[in-house]
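The values are calculated or read from the model by the stated rules, or taken from the named source; none is laboratory data. Remember, predicted model here, so these are calculated numbers, not experimental data. Using ideal geometry, Cβ is built from the backbone for each residue, glycine included, and neighbour counts are taken over all protein chains shown.
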Amino acid sequence: LPGIFPGKVLQSRDELLPEYDYVVVGGGMAGLVVAGRITEKSQKTVLVIEAGPLVDGPAEYATLLQPGQWTAAFQYLWFGINSEPNKGLNNRTDAVLNGKVVGGGSAVNGLNYNKDSAGQYDLWATLTGSSKWGWDKFLPYLKKPEDFHPPTPEYKEELGATYDLSEKGQGGPIDTTYPPFRYPQTQAYFEALGAMGVPKTNGSIGRFWIPTALNPTDMTRSYSKIGYHEPASSRPNYHLLPGNQVTKILFDSNKRVTGVQYASGPGETTYTVKAKKEVVLSAGAVFSPKILLQSGIGEKKKLQSLNIPVVADIPGVGWNFQDHTRFDFKFSFTFNRTNDPLELQRNQTYYNEMQALYLNNQTGPLTLTVGNAGCALDLKSFTNTSTYTSILASALATNPIAALPSNIPATVKAGYIKQRIALLASIKASKIPVASFLSFLDFTPAVVLTKPLSRGFVTVNSASPWDFPIVDYRTHSDPFDMAVVTNGIRYARRILQTPPVVPYNPQEIFPGAEVTDDSSLAEAVRSTALATFGHPFGTCKMGKLQEGAVVDAELKVYGVKGLRVIDASIIPVATGPGPMASVYGIGERGAAFILGEDL
Ligand SMILES: Cc1cc2nc3c(=O)[nH]c(=O)nc-3n(C[C@H](O)[C@H](O)[C@H](O)COP(=O)(O)OP(=O)(O)OC[C@H]3O[C@@H](n4cnc5c(N)ncnc54)[C@H](O)[C@@H]3O)c2cc1C
């Protein structure tokens, strides 16, 4: 039977068990962690159902930005989902980026692997009101997935890499390391940050080399399929069904989960599989709320309007949506031919040489993704005192609900007010990074808003599981966010004026050095910024029901029995750097809750 990947070789659908202890919906980043750990640590049976295919090969080559590799990875995305017209981006829409393949986002992403600050995870604990979370509690789970391979002392010295081994995992299923190659301009960017006075740190606020999720031996992608699925696939209690979409979660009259429905496509036969203990929803922050809503869990009024029978009135489903927005400059630089990453696209002979270098020696530019000279800063670090004071003062003086949609449920509103106050307190105390300054391989900087105060939503406008979700980023609806980005642009310009960058002759093409005032910068942002970095968060947030949460501190969905959400949607406040390290940690934390373990 095409599509069934077995723990043992299954020859037909009949060999799928009629009932599993656990059914995991979504074999992406977190889902495979959960399934892998349960089958490793217990005799319990687990079925993972993944909408995308199981593929070997192309996705495992590390890089995204090289010709061929980019295309290979991108064929494994959900296609055709466009966001709602975004008022904060001149009514433009964005392609909604999510992996649709075994491995999910971990199979297609940029590989940058870094966790956020202690302040970030403490903020989650404050908002969730639970001692089960927080930096001290979560750190062991952040470490558990990782097998960090430190550079040689010489390479460490050469890079200027800083890391704290006590915060790194070693021996976990996901390899992380520093790629063996970097362009001189990336090193120059790192030095430029130093010239700006940004301190070297071990990877949350400051400047740091970001490890990437690479197998250090062959420099291929290390991701949840290899790290968690492959070891599980030899266990008799693990089954994976790719190429099938879960269409509904099923409940009995006591609101206890009984199983799920699934099908391989619209119009195809719908099957049911039972779950004895739990269903775990790990479809990611765009699809988990969609599945909940179409299964009858969400705001009652909304469900009734779509004739979806109400199982539980949980108003928070789909709200609290966040992503990292991204503003890209256009610059021209003077490079030697081989320092220009575009040479790989222009010159097939050169590309072939670099590909041979990669395949034979595991080095060269094909070991790179988006650039890994990291810089994430708290607000104070990239603004002057008066700007910092005025941005914060106006954020604090703003009516906290002014920017929220008028139809937002009361509990969600209450939760957001609490969240905004706590977020601003952490920002004021410089405990969390609000922006990152990413340099792409050709040097071009991007200003990434990492702690938006704006909140969007994901919802549905039909009961059909085959209709795409409605995704509204509501970018920059809170004026604080635009103030962070415009001041980030000013700061990024200064980085590119420092001595390490000058030899590359940076010339700003867009927005253009003459564009300096707030309103012109804001227009440049509205007309070109992206609403998403493919980092959706928060749509089934953990916390208190009366504060608009969907899951409790053990990730159990309120109002029903036997259902958890374990993926990026439970995150209450977006992580500063990329979500990957945190989402693997959430997978580990969730699995430990299920197994009754506590590190
Ligand atoms: C292009 C791109 C680049 C990125 N780069 C980075 C980076 O460099 N660093 C970083 O930290 N993060 C990065 N990310 C983000 C990171 O990959 C995600 O945060 C992470 O994958 C989220 O994990 P998840 O388990 O929540 O969801 P996912 O990994 O998205 O997994 C969800 C899975 O559920 C499946 N699914 C959905 N609906 C159904 C259904 N009804 N039935 C069955 N299956 C279903 C999906 O197909 C998917 O495989 C990037 C993401 C993208 C898309």
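Structural remarks
- Of all positions in the stretch 514-535, at least one carries a residue that is outside any loop (DSSP other than H, G, I, E, B), crowded, with 16+ Cβ neighbours inside 10 Å and within 16 Å of the ligand (Cβ to nearest atom).
- Filtered residue count, the stretch 327-362, keeping only those that are hydrophobic (A, V, I, L, M, F, W, C), buried (at least 19 other Cβ atoms within 10 Å of the Cβ) and within 29 Å of the chain's Cα centre (by Cα): 4
- Residue in the stretch 333-341 that is touching a helix residue (DSSP H, G or I) at 6+ places or on another chain (Cβ under 7 Å), away from the ligand (no atom under 16 Å from the Cβ), farther than 23 Å from L496 by Cβ and not small (G, A, S) present: no
- The listed residue being crowded, with 19+ Cβ neighbours inside 10 Å, out of contact with any Gly (no Cβ under 6 Å at 6 or more places or on another chain) and among the β-branched types (V, I, T), out of I401, I391: I391
- Strands (runs of 3 or more DSSP E) contained in the stretch 423-510 and holding at least 3 residues over 15 Å from L193 (Cα atoms): 457-459, 470-472, 507-510
- Members of the stretch 197-219 that are surrounded by fewer than 20 Cβ atoms within 10 Å (Cβ to Cβ) and touching a residue at least 40 places away in the same chain (Cβ under 8 Å): K200, N202, P216, T217, D218
Residue-wise test of (1) of a type in the set (D, E); (2) in contact with a Phe, Trp or Tyr (Cβ under 7 Å, 6 or more places away or on another chain); (3) modelled with pLDDT under 95.
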{"site": "V24", "(1), (2), (3)": "no, no, no"}
{"site": "G27", "(1), (2), (3)": "no, no, no"}
{"site": "V33", "(1), (2), (3)": "no, yes, no"}
{"site": "R37", "(1), (2), (3)": "no, no, no"}
{"site": "D56", "(1), (2), (3)": "yes, no, yes"}
{"site": "E60", "(1), (2), (3)": "yes, no, yes"}
{"site": "L65", "(1), (2), (3)": "no, no, yes"}
{"site": "W70", "(1), (2), (3)": "no, no, yes"}
{"site": "A73", "(1), (2), (3)": "no, no, yes"}
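- Taken together, K290, K276, K302 contain a single residue that is more than 15 Å from the ligand (Cβ to nearest atom) and within 25 Å of S454 (Cα to Cα), which is K302.
- Some residue of the stretch 549-558 being in a helix (DSSP H, G or I) and either over 30 Å from K276 (Cβ atoms) or more than 9 Å from the ligand (Cβ to nearest atom) (or both): no
- Number of the condition not met by M354 [criteria: (1) in contact with a Pro (Cβ under 6 Å, 6 or more places away or on another chain); (2) part of a helix (DSSP H, G or I); (3) hydrophobic (A, V, I, L, M, F, W, C); (4) closer than 17 Å to A574 by Cα]: (4)
Residue by residue, here is whether (1) in a helix (DSSP H, G or I); (2) in contact with a Phe, Trp or Tyr (Cβ under 8 Å, 6 or more places away or on another chain) holds:
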position	(1), (2)
G267	no, no
K274	no, yes
K277	no, yes
L292	yes, no
K302	yes, no
N307	no, no
V317	no, no
F331	no, yes
T334	no, yes
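- Hey, F533 closer than 20 Å to H324 by Cα and of a type in the set (F, W, Y) or not: yes
Residues checked against (1) of a type in the set (F, W, Y); (2) within 12 Å of the ligand (Cβ to nearest atom); (3) assigned to a loop (DSSP other than H, G, I, E, B):
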residue: Y121; (1), (2), (3): yes, no, no
residue: A125; (1), (2), (3): no, no, no
residue: S130; (1), (2), (3): no, no, yes
residue: W133; (1), (2), (3): yes, no, yes
residue: Y141; (1), (2), (3): yes, no, no
residue: D147; (1), (2), (3): no, no, no
residue: P151; (1), (2), (3): no, no, yes
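- Qualifying residue in the stretch 562-573 (condition: surrounded by fewer than 24 Cβ atoms within 10 Å (Cβ to Cβ) and at pLDDT below 95): no
- Selection of the stretch 69-118 for residues being more than 7 Å from the ligand (Cβ to nearest atom), within 30 Å of D378 (Cβ to Cβ) and either out of contact with any helix residue (DSSP H, G or I) (no Cβ under 7 Å at 6 or more places or on another chain) or assigned to a helix (DSSP H, G or I) (or both) yields S83, N86, K87, G88, L89, R92, D94, S117, A118.
- Scan of the stretch 470-486 for residues that are within 16 Å of the ligand (Cβ to nearest atom) and buried (at least 24 other Cβ atoms within 10 Å of the Cβ), ordered by number: V471, Y473
- Screening the candidates D218, D252 for the property of being more than 16 Å from the ligand (Cβ to nearest atom), touching a strand residue (DSSP E or B) at 6+ places or on another chain (Cβ under 9 Å) and not hydroxyl-bearing (S, T, Y) yields one hit, D252.
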